[in-house]
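A short write-up of the structure that comes next.
The values are calculated or read from the model by the stated rules, or taken from the named source; none is laboratory data. For clarity, every value in this text was computed on a predicted model and none was experimentally measured. Counting neighbours? That spans all protein chains shown, and the Cβs are built from the backbone with ideal geometry, glycine included. Note: areas computed on protein heavy atoms with side chains; ligands, DNA, RNA excluded. Shrake-Rupley method; radii C 1.70, N 1.55, O 1.52, S 1.80 Å.
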Amino acid sequence: MMMAVGAMAMFALMACDKNDDDNSGGNGDNDNALVTLTAPPYKDVAVVLNLQSNAEAITQLRIMESGAYMIARAYMNARQMNVLSACATRAGLGDQLYEFGKFTYTDGKFVFDNGMTISFEPSGSAYEVTITWKNGTCIKTTATLDTSASVMAGVITDNLCSRPWTIERVIISTGFGGQTLGKEFKGPIDLAEVKAWYEKNFGTLKDQFDANTIIKGIYFDSKGLFAIHYQNRKDDVGVWRWTDMNGGKLNYNWNDKLQAISLFTGNASVAFEKNPESCKLTLSGTVNGIDIEFVFYLK
């Protein structure tokens, strides 16, 4: 049985802004040091807070540089697990439910697209957090700043974390005796179709994908979160870290490696190239002779 697809070998990010200037600092032979994408719009307010016990069972609030948010909730009871399990990660950071979305920020308040308005302010060594729903329901709680290790800061980190990405196509190919066997899937990508074609031609994947398992977005943030958000599947949440930032090398993995989606596990490297007409993220790699490429665009 062939091993499931693992490591992704290369990232290539292309800039969106015609007016972006080259980053003059760093090694001129390293494309990562030459390109600066549009700055993350919410870098100055990005934060991760660990909340104390509250009526909504929210354990963590993550404000991402890209304008996305993540809310992590603890399982409250067995009924909630059954009802809400479609929102939970299979391979996550403990028994949590994860919710992703976009926010706007005005006058110190974060307005989430799920109807929440959240504000927080320092109070001694902690934070006072206020959560208000559209119907006026309000809860107040305290939180502490998450102090887990962050990703090394720099232009490359900003580039990777500057936006959520949505997938545009997947290409799988390999060569046999000088002949190429390949398949291109165009977005929206149904991973069940990708798996079926892969297994017909190459070998077994452990992942179970229902029909219409669509990737809606992929997220990186500077605190080290890596997440894949699906249309009808539990979100996959894990961690990523630079192994060599100047060389553009990183590792991303899930806490539960047995449950991790095999198409998104392993080591990768990043490189940036200017393209004023588009904003593209390409993940590609070769494992056991099988080349896989995922192409993402600005969400």
Projected-area mean, the range 113-210, by convex hull of Cα positions, square nanometres:
12.2
Residue-by-residue Karplus 3J(HN,Hα) for the range 188-199, coefficients 6.51, -1.76, 1.60, Hz, glycine and proline x:
x, 7, 9, 5, 5, 5, 4, 4, 4, 5, 4, 5
With every protein chain left in place and a probe of 1.4 Å, what is the accessible surface of Tyr42, to the nearest 10 Å²?
60
From the cross-link list Lys195/Lys216; Lys43/Lys109; Lys183/Lys249; Lys134/Lys223; Lys43/Lys140; Lys102/Lys140, which pairs have alpha carbons spaced over 19 Å apart?
Lys183/Lys249; Lys134/Lys223; Lys43/Lys140; Lys102/Lys140
For labels at Glu128 and Lys249 in the simple 7 Å Cα→Cβ model, what's the distance in nm?
4.9
Gain upon complete extension [Asn267, Ile139; 0.36 nm per residue less C-alpha separation]
42.0 nm
Relative packing of peptides 137-148, 241-252 - highest average C-beta neighbours within 10 Å first
241-252, 137-148
Could you calculate the contour length gain from Lys206 to Lys109, that is, 0.36 nm times the residue separation minus the distance between their Cα atoms, to one decimal place in nm?
30.6 nm
For the range 167-230, what is the convex hull (Cα atoms) projected area averaged across all directions, in square nanometres?
5.6
